[in-house]
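Engineer: Have a look at this one before I ask anything.
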Amino acid sequence: MPTELAAEPGIGKRQATARRFRRGMKETGLLGVVVALGLLLSVFGGSIQVRDRGTGETHTLNKFLRAENLDKLAKNTSFFAIMAVGATLVIITGGIDLSVGSIYCLAAVCGAMFLHRFGPQGAAAGSPAGWVVPAAILLCLGVGTLCGMLNGLGVVLLRVHPFVITLGTMAIFRGVAFVMTKAQAFTHFPTQFTDGLIRYQVGRNLYPVPMGIMIAVTLLAALYLRFTVTGRQIFAIGGNEQAARYSGLPVECVKLKVYAFSGLMAGVAALIMLGYYGAASSDAGKGYELDVIAAAVVGGASLLGGRGSALGALLGALIIQMINNGIIILEIDQNYSQIIIGAVIVVAVVLDRINTVARQRRLAQAAQPAPKTSERTTT
Amino acid sequence: MKHRMQLLTVIALSAGLLAVSGQGPSTSPAPVKKQQYTFALIAKNQGNPVFQAARIGAENAARDLSRKLGVSIKMQWQTPNEDDAQKQVDFLEQMVLQGVDGVSISCVIADTLTPAIDRAVQQGVAVMCFDSDAPHSKRFAFFGTDDFAAGQLIMRELVKELGPGKHVVGLPGGNQNAANIQTRIRGALGEARKYPDITIKGPYYSKETPQDAAAKVEEVQTANPDIDGWAMIGSWALFTDALLKWEPGRVKIVAMDALPAELPYVRQGVVARLFAQQTYQWGYRSIEILADKVILKKDPATVMEYSPLPLVDKSNVDQTEQDWKKWLPQ
Amino acid sequence: MESPRSQISVVAFHEIGKRFPGVIALRDVTFRVTAGSCHALMGENGAGKSTLGKILAGLYGPDEGHIEIDGRARRFHSPVEAQQAGIALVHQELSYCPNLTVAENLCLSAMPHRGPWLDRAALVQRAGRFLQAVGADCDPDEELGRLTTGQIQLVQIAAALATGAKILVLDEPTSSLSLAESLKLEELLLHLRQKGTTILYVSHRMDEVFRLCDTATVLRDGQHVATMPLAQTNEDELVRLMIGRSLAAYFPAHIEHTAKEERLRVESLSSPGRFSGISFSLHAGEVLGVAGLVGAGRSEMAQGIFGMDPAMSGRVFVDGVETTIRNPQQAFQHGIGLVTEDRKRLGIVPEMSCAENMTLSSLDCQLGYGFFRRAVTCQTCHKREECLRLWQFLKLGKERNWIREFFSRLQVRAASQEVPMATLSGGNQQKVVLAKCLVRRCRVLMLDEPTRGVDVGAKAEIHRLIDDLALAGHAILMISSELPEILHLSTRVLVMREGRVAGIIHRRDATEETIMQLMAGRACAPGIAEATCYAN
């Protein structure tokens, strides 16, 4: 009897650890890029003289590495990273969500109108009761999740490609926001929410809350994908939806969940926006969906489905924001920024594709049985 | 293999960045007199030609003033691609971290930018506004159009053009959230109330890009053929050729801004009068005011500096064209 | 008008060999086709008939050997070259553009045009001519996708003739045709032969072959077995040539299973266009082999039972209780599992590891209350400790143990549990897919072509597995196109023909001939009413 790779399953444990490490390698590569970019920017960015207002001394601080800059970088990344984590889950199932920017806008606007009412200039002004802030948080997250579920229902019930559905809801959600706000911007929120919560200041001009939320969300999503049933089902559906269906997976249910999750993430990002910038209008988040998808793709999610990681999404968003930051620090003409970022995205995707093809070739070679074997096929 | 690929990306990236990067600012020793100043200009969006004119004005001012004052003045331009208050706040914060000496900003949403401006001022950066103000912030100056008066002016001139009798006037608007647009509209509507024979249709908001605005105007005109006058408090629609095919004189148009692209409209008689916003001056004057404040330590005479709105019609359209050629060398 | 060159061979195959990754499709095939003849190419599924036809038509190039056309050695690098040499192929799987009209499809490779503009009048006229030549009565302006399969088949033949072919390769042409349409086709072929066209007729339908063709070549396992004039042979001999192999060589000694309680019963299952009036019952410990030609509706029936066919009507009883199964999830909950025939497309998730693939169907089973869901009771775990799932989380350690157990039981050969599924050979992949149902503890197993694309060694192992499973009390429905497999493993054989049950024979009455007759012929098994037996 001809044998192929004869090995007892027991050996698998060592190989299993090796494989898990190799899986982590994907993010290690991204991490390497982040570190390299950081080195680059700190070396070539130069330093700046800062006069301490308190003591009157001047310090020389590295433009990139100074705490405030890193803090701003983390804050700017948080929006895109959080939404990219949501988008990654959708992309892993083989779908796509083009409406994240609009859900972000609608959730922000709903939260803004609510908070404005209870803010210093609102209709119900005066020291707001303790329930206002939690209610606002629930409202924002609820609106985001609801919009996500609508997307999911559209994809599942109408059987239309998610690209088309979310293209439509992209316009609908933003339109609803526009009508609700009557083209006004809403500001002046209760300070418990802004300076007391999201814009909570630590030390000198450091605001760690957005970064904290970003890391927490990424961690939770990573654990979810790895250790829960639905996480495994998400990868299966993305890998081969028909096979997943034939294996008895509740495909529609899972898809609904991921779209709802994507909406929820947009709601979280909207919360941070409201807390940090203290204002929202129906203009918010225009064009963000493409930045989010770019972050997810740079982070290793395959648009064909079946691959992706939460940590990768965060690193992808970070890389793109670092390039934005770098363009300003290095004083490159802003007109080139779009070209550079576009080039980075293309390069990242091409490298990923090359890697995939190489991996498939390795798999195919490994799958070749001994040449003397003849198999039967139906032709 | 993947590792190697990532390494290659990094090398490629750094080569790219190096190729395009300018000189980093030099670290000067204990400052005696500063030799280098950087002023930042943050406009509302990249798509509107008025801001591109402002950019050139600012660059020219930086060049001229460097020569005049014997220092090196650099102008850094940071503008979001579309109207995005959040991005403007981000840019403002980053400019401050960069150590710019002064910022001039045209605010998409005044309320969103006010806290950021205040924070910047607190950290010792001089901030002024142009075109679209943040009146409740700690900005030290504003240079731009008196929007309310401008709105009134446009409506008044249009009524003069239309003559006596009943007329229907269309009122286009740009970004609904921009304070300056709202103020102009209020001015126009207020003025219109003085003329009982005038009916106003609008305001019709659109994106402040030429294509969107032109499409909006055409759409409204087709749907409302009784409109015989347009009070364009913002003339983005005229930055394209789309409306050139309108029969001159059938519909009277009086508009704000007199950019080069709009001059053919005056020549052909489709547009009766243009009132030129000093968009080039927005940039030029901003740098001048900032230079005064930061380098010469001189405060501006008034906080609110309104630029005039010279009239451009058939009689001086050629002169205007010459002026533009001087300001925007192609 | 008989061709004067009737004795000259117009096509000659010399030692043709063709290899696909991991498979040898053809080996050392040599024979000749006489001009103006209708030459049948016969063999079982997988014998290499279609591959040979495709090589002739220029779709593949032979790895060894060469083809001679009219005495000259030719090598075609593309179907276009073959077309220019006068060879045209009508595929078994109809390939056309359903959204274009008949006329456009016909003239696809050479659209008549005036300058850059399409000449619609000329297009319709040209198409009309060809349609008339084949006797098709369809409207040239009709969208091809709207016609019946038979009409599409005729249009395909017209398209082949439109290229001016003198050699026509027909690959299982009547597999999708009804009786009336087949007769029409036969008329056409006779007409073409009279005009001097040479026809290579790939089929395994005896009656047609004997009616239409004058010579036959039999292939088996990719090798040429015999070529002879049909006048000198008969059906039985051809069958024996097609199948003949020493059956005893590697099949395990069959253990007679006594069928026990009824696990699954179906009554009058029908799905319009796919199958109708299917009724049978399946017992624990029994293997019900399902035989039939391609297109008989076997896979469709299995998928219908599995819940993948919303248009299916009829009644399904599991353990005597009538149930409605609307999706595979419900099927698994009732203990019914399906191993599909196309494992690459429908069976495996190639990027996930073997372990993950194996437990894919068992993820959602649990006792107790789920997250947002009512309690899900399933046949699988009767004890909470056995479940792979704790609320939302996977018990990864338990999963690993289970997989280890099944890996050794099924003797799956892989570098480790964690390697991606795509690295496994066909046989091992099939074992993992089978294990998927076993991990879920399905009591009814439906296996669709369980040894397709599997090498000989793994095939024997899978057969032994099926035997063991039956012994252990599973009820097994096995769809197979390989008669030896059916004969050796089945307790009973259900033969399907054109979507209906042609007969259910017990093991002791089943022979290749009887099954073939039921599959391909017009006979009905005793006990089956003739009315249900004939399609039309």
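Engineer: Please tell me if A:M170 is within 20 Å of A:S99 (Cα to Cα) and either within 14 Å of chain B (Cβ to nearest Cβ) or assigned to a helix (DSSP H, G or I) (or both).
Structural biologist: yes
Engineer: Let me ask something additional. Quick check on my filter: what residues within the stretch C:268-315 are in contact with a helix residue (DSSP H, G or I) (Cβ under 7 Å, 6 or more places away or on another chain) and more than 28 Å from C:E512 (Cα to Cα)?
Structural biologist: Our first condition is that a residue be in contact with a helix residue (DSSP H, G or I) (Cβ under 7 Å, 6 or more places away or on another chain); within the stretch C:268-315, this holds for C:269, C:271, C:274-275, C:277-278, C:285-287, C:289-293, C:306-309, C:312.
Scanning the stretch C:268-315 gives C:S271, C:F306, C:G307, C:M308, C:D309, C:M312.
Engineer: Applying the selection to the stretch B:206-250, what residues are touching a Lys or Arg at 6+ places or on another chain (Cβ under 8 Å), more than 20 Å from B:G163 (Cβ to Cβ) and buried (at least 21 other Cβ atoms within 10 Å of the Cβ)?
Structural biologist: B:S206, B:E208, B:A213, B:I233, B:G234, B:A237
Engineer: Considering each of B:K44, B:K68, B:K33 in turn, give the residue that is modelled with pLDDT of 90 or more, more than 20 Å from A:K63 (Cβ to Cβ) and assigned to a loop (DSSP other than H, G, I, E, B). Spell out how you get there, then give the answer.
Structural biologist: Working: B:K68 fails: assigned to a loop (DSSP other than H, G, I, E, B); B:K33 fails: modelled with pLDDT of 90 or more.
Within the list B:K44, B:K68, B:K33, the selection yields B:K44.
Engineer: Out of the stretch C:440-460, which residues are crowded, with 21+ Cβ neighbours inside 10 Å, within 11 Å of chain A (Cβ to nearest Cβ) and outside any strand (DSSP E or B)?
Structural biologist: Listed by number, the residues that qualify are C:R440, C:C442, C:E449, C:T451, C:R452, C:G453, C:V454, C:A458, C:K459.
Engineer: Hey, another quick one. Name, by its number, the condition in (1) in a helix (DSSP H, G or I); (2) within 14 Å of chain B (Cβ to nearest Cβ); (3) modelled with pLDDT under 90 that does not hold for A:H59.
Structural biologist: A:H59 satisfies all of (1) in a helix (DSSP H, G or I); (2) within 14 Å of chain B (Cβ to nearest Cβ); (3) modelled with pLDDT under 90 except (1).
Engineer: Would it be correct to say that C:L185 is over 16 Å from C:S37 (Cα atoms), of a type in the set (A, V, I, L, M, F, W, C), surrounded by 21 or more Cβ atoms within 10 Å (Cβ to Cβ) and at pLDDT 85 or above?
Structural biologist: no
Engineer: Separate question: Return yes when A:K72 is surrounded by 13 or more Cβ atoms within 10 Å (Cβ to Cβ), more than 12 Å from chain C (Cβ to nearest Cβ) and at pLDDT below 85 and no when it is not.
Structural biologist: It is false that A:K72 is surrounded by 13 or more Cβ atoms within 10 Å (Cβ to Cβ), more than 12 Å from chain C (Cβ to nearest Cβ) and at pLDDT below 85.
Engineer: Same structure, new question: Which count do you get for residues in the stretch B:66-122 that are more than 7 Å from chain A (Cβ to nearest Cβ) and surrounded by fewer than 20 Cβ atoms within 10 Å (Cβ to Cβ)?
Structural biologist: 13
Engineer: In addition: For A:R159, only one of the following conditions fails: (1) surrounded by 14 or more Cβ atoms within 10 Å (Cβ to Cβ); (2) farther than 21 Å from A:V109 by Cα. What is its number?
Structural biologist: It fails just one condition, (1).
Engineer: With the condition being hydroxyl-bearing (S, T, Y) and free of Cβ contacts under 8 Å to residues at least 40 places away in the same chain, I'd like the strands (runs of 3 or more DSSP E) fully within the stretch B:196-288 carrying at least 3 qualifying residues. Before you say what the answer is, go through the steps one by one.
Structural biologist: On the way: elements: B:198-205, B:229-232, B:252-256, B:273-275.
Per the criteria, B:198-205.
Engineer: Being among the β-branched types (V, I, T), away from chain A (no Cβ under 14 Å) and touching a helix residue (DSSP H, G or I) at 6+ places or on another chain (Cβ under 6 Å), is that true of even one residue in the stretch B:50-60?
Structural biologist: yes
Engineer: Evaluate the following for A:I323: is it more than 30 Å from C:C354 (Cα to Cα) and modelled with pLDDT of 85 or more?
Structural biologist: When the stated conditions are applied, A:I323 passes them.
Engineer: For the stretch B:96-115, does any single residue satisfy the condition of being among the small types (G, A, S), assigned to a helix (DSSP H, G or I) and at pLDDT 90 or above? Working first, answer last.
Structural biologist: Residues of the stretch B:96-115 that are among the small types (G, A, S), as a first pass: B:99, B:102, B:104, B:106, B:110.
Narrowing the set further to residues that are assigned to a helix (DSSP H, G or I) leaves B:110.
Subsequent filtering for residues that are at pLDDT 90 or above retains none.
No; the residues of the stretch B:96-115 include none that is among the small types (G, A, S), assigned to a helix (DSSP H, G or I) and at pLDDT 90 or above.
Engineer: Identify, from the list C:A47, C:A35, C:A57, the residue that is modelled with pLDDT under 90 and more than 30 Å from C:S480 (Cα to Cα).
Structural biologist: Selected residue: C:A35, the only one of C:A47, C:A35, C:A57 that is modelled with pLDDT under 90 and more than 30 Å from C:S480 (Cα to Cα).
Engineer: Sticking with this one: Surrounded by 22 or more Cβ atoms within 10 Å (Cβ to Cβ), more than 14 Å from chain A (Cβ to nearest Cβ) and modelled with pLDDT of 90 or more: is that true of B:F143 in this structure?
Structural biologist: yes
Engineer: Filter the stretch A:329-352 down to residues that are at the interface with chain B (Cβ under 9 Å from one of its Cβ atoms) and among the small types (G, A, S) and give me whichever is surrounded by the most Cβ atoms within 10 Å (Cβ to Cβ).
Structural biologist: Once the filter is applied, the top-ranked residue is A:A348.
Engineer: Looking only at residues in the stretch A:165-181 that are in contact (Cβ under 8 Å) with a residue 40 or more places away in the chain and within 16 Å of A:V90 (Cα to Cα), which one is surrounded by the fewest Cβ atoms within 10 Å (Cβ to Cβ)?
Structural biologist: Checking each candidate, the answer is A:L167.
Engineer: Checking A:G248 against (1) surrounded by 22 or more Cβ atoms within 10 Å (Cβ to Cβ); (2) touching a residue at least 12 places away in the same chain (Cβ under 8 Å); (3) more than 14 Å from chain B (Cβ to nearest Cβ), which test does it fail?
Structural biologist: Every condition holds for A:G248 apart from (2).
The values are calculated or read from the model by the stated rules, or taken from the named source; none is laboratory data. Everything numeric here is computed off the predicted structure, so don't read it as measured data. Methodologically, a virtual Cβ is constructed for each residue, glycine included, from the backbone with ideal geometry; neighbour enumeration extends over all protein chains shown.
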